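Derivation of every value follows stated rules applied to the coordinates shown; laboratory data play no part. The structure displayed is predicted, hence computed values, not measured ones. For neighbour counting, all protein chains shown are included, and Cβ atoms are generated from backbone atoms with ideal geometry for every residue, glycine included.
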Amino acid sequence: METAATPNGHGTALEDDRRRLWSAMGRGALHRCPACGRGALFRAYLKPAEACAACGEALFHQRADDAPPYVTIFVVGHLIVAAAVGVDLAYAWPLWLHAAVWAPLTVALSLGLLPVAKGALIGLQWALRMHGFGHGPEEAEVRPAVARVGAAAEARPTARHPF
Ligand SMILES: [Zn+2]
């Protein structure tokens, strides 16, 4: 009955250890450290810092990979296409005017949104203790539990087929 109070790791990570998902994502979206909200998350445009300068939280664990461009394309695509279709239906712009307005707007929105999406996703990974962000005490609890399951699985055939 020693660790029965935390039957799954998710409740532990989000509630007991106080890594608030939305707070961490909001801090990341504002280019701030998801842990303290003070230090800079990026040391260059899209390059995360190795660690937070304010609280020392390691930030190199992030594995945002191609998720930020995916989110950016999804959001910007829906905004620009909706706006372009809406404007065309309402005002019937000539094609050159559409190209002159929407192309630079697409580039500007994408470049602006990319670090916001990447910061929010790093905040999400930090809050959910993904990719090495979780080095709290619950990791030590999980490993013996996995070992016990493995031992039980190995023991089962012998118990069911004693001969
Ligand atoms: Zn920090």
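Things worth noting here:
- Summed side-chain charge close to Ala44 - residues other than Ala44 whose Cβ falls under 13 Å, Lys, Arg +1, Asp, Glu -1: +2
- Whole-angstrom gap from the stretch 14-73 to the stretch 108-135, using each part's C-alpha centre: 5 Å
- Efficiency of FRET from Cβ geometry, Arg18 and Arg63, R₀ 25 Å, rounded to 0.05: 0.65
- For Ala51, distant residues with modelled amide H under 5 Å away: Leu59
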